[in-house]
Amino acid sequence: MSDERRKIIYSAMQPSGVPSLGNYLGALKNWKYLQDDYDCLFAVANMHALTVRQNPTELRKRTRDLIALFLAIGLDPEKHIIYVQSDVNAHAEIAWILSCFTYMGELNRMTQFKDKASKHSDNINAGLYTYPVLMAGDILLYQSDLVPVGADQKQHLEICRDIAGRFNSIYGNVFKIPDPYIPKVGARIMGLQNPERKMSKSESDNLNNVVYILDEPNVIANKIKRAVTDSDTEIRYGEDKPGISNLLNIYCAVTDKTPDEAVNDFKGCGYGEFKKSVGEAVVEHMRPIQESFKEYSSDKSYIDKVTKEGAQKASYLANKTLNKVKKKVGYPMN
Ligand code: AQP
């Protein structure tokens with residue numbers, strides 16, 4: 001990292017499934033560009049993933065695969081910190097302390113909790129409820145200046161700022177209050193079968209609703225061919241056309257075209273031809289990433305090296321903040 005203090009950006013992704021095209025276009029793709037201007041931490045948030053029941057063997061594999069994917073999209077472990085959350089004990093330690101500075105009334109308002117609780121009504125655990133506290137700790141441990149957030153995570157960043165402000169007002173200036181980072185090109189990708197709801201990697205009810213980054217090219221093309229459209233024939237943006245708008249957004253994000261250019265590309269086309277072209281554009285965009293992923297994921301010793309070094313660098317920074325926090329709240333400091 002450079003000597004001159006650059007702003008710190010904290011980004012994380014849960015290994016709760018194979019990342020979706022939504023995760024890629026809304027988060028990962030932007031992370032790559034952030035590296036040029038900021039000092040970045042890129043984390044695999046495997047502790048967060050435990051809030052939903054996981055198969056241990058699969059979770060371990062997905063955690064490693066997510067590190068391989070970070071590398072495949074071009075995140076640079078020499079210049080930035082790439083690590084697995086559970087490798088840094090400070091996350092669990094600070095979460096407890098911060099939970100004592102978080103009100104139940106605040107957590108009760110979190111829409112993600114309500115949403116996930118309704119999806120997993122047989123497992124509404126305390127971790128799901130205190131998820132935003134763990135996330136606040138992630139961000140605050142590294143004195144992060146900025147956190148890239150999609151619309152779905154905005155509320156969690158607000159509670160993080162409230163917790164940090166409350167702690168600082170009692171103990172002095174311990175935490176940097178993070179700001180949201182709104183990416184220059186933001187994409188909110190919706191489900192292909194249900195374009196009223198966002199595409200989510202852990203969805204397993206309807207696999208045609210989600211494009212996974214590692215889907216085979218023909219699978220990607222077929223899922224996009226089957227995407228719901230509507231009963232007219234016009235290819236344009238509109239609130240009355242959620243399916244078409246979503247496909248146009250996907251097309252813009254993978255081709256770096258503007259919405260006007262995208263609409264112009266498909267003037268006079270039928271839906272069949274349109275969906276075929278969107279599918280091809282996605283396949284071509286993902287091809288080099290998929291190839292690079294295959295190489296990284298088969299190089300176990302390199303992945304181990306990256307995660308070990310990342311954990312060391314992250315622990316060093318995290319413990320600086322944690323020690324300050326422990327001292328402030330009155331833990332013995334021997
Ligand atoms: N559909 C989406 N469009 C754009 N961005 C998205 N993100 C998620 N879905 C979309 C962004 O991906 C980043 C990492 O998300 P996460 O893994 O921490 O959890 P999430 O937001 O809950 O993502 P999923 O895919 O919906 O996971 P599950 O299924 O486990 O709940 C975030 O920056 C998020 O904005």
Report the FRET efficiency, 1/(1 + (r/R0)^6), for residue 237 and residue 276, where r is their Cβ-Cβ distance and R0 is 30 Å, rounded to 0.05.
0.90
Toy charge model, Lys and Arg Cβ at +1, Asp and Glu Cβ at -1: the chain dipole around Cα centroid in debye, rounded to 20, equals 1000 debye
Classified through the alpha carbon gyration tensor (a ≥ b ≥ c as square roots of its eigenvalues; rounded if a/c is under 1.5, else prolate when a/b is larger than b/c, else oblate), segment 77-158 comes out prolate
Using 0.36 nm times the number of residues separating residue 154 and residue 260, minus their current alpha carbon distance, what extension gain do you get?
35.4 nm
For the cross-link pairs 308/328; 198/223; 198/241; 7/326, which exceed 19 Å when the distance is taken from alpha carbon to alpha carbon?
308/328; 7/326
Value of Rg/Rh across the chain [Cα atoms, Kirkwood radius]:
0.98
Rounded to one decimal in Å, the inverse mean reciprocal Cα-Cα distance for segment 231-334, i.e. its Kirkwood radius, is 18.2 Å
In whole Å, what are the Cα extents of segment 1-122 along the three principal axes, biggest one first?
45, 33, 26
When the convex hull of the Cα atoms of segment 174-315 is projected onto a plane and the area is averaged over all directions, what value comes out in nm²?
11.9 nm²
Give, in nm to one decimal, the length gained when the segment between residue 171 and residue 328 is fully stretched (0.36 nm per residue of separation minus the Cα-Cα distance).
55.9 nm
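A short reminder: the numbers here are calculations on the coordinates, not readings from a lab. Since we're looking at a predicted model, the values are computed, not measured. Cβ: placed from backbone, ideal geometry, glycine included. Neighbour counts: every protein chain shown.
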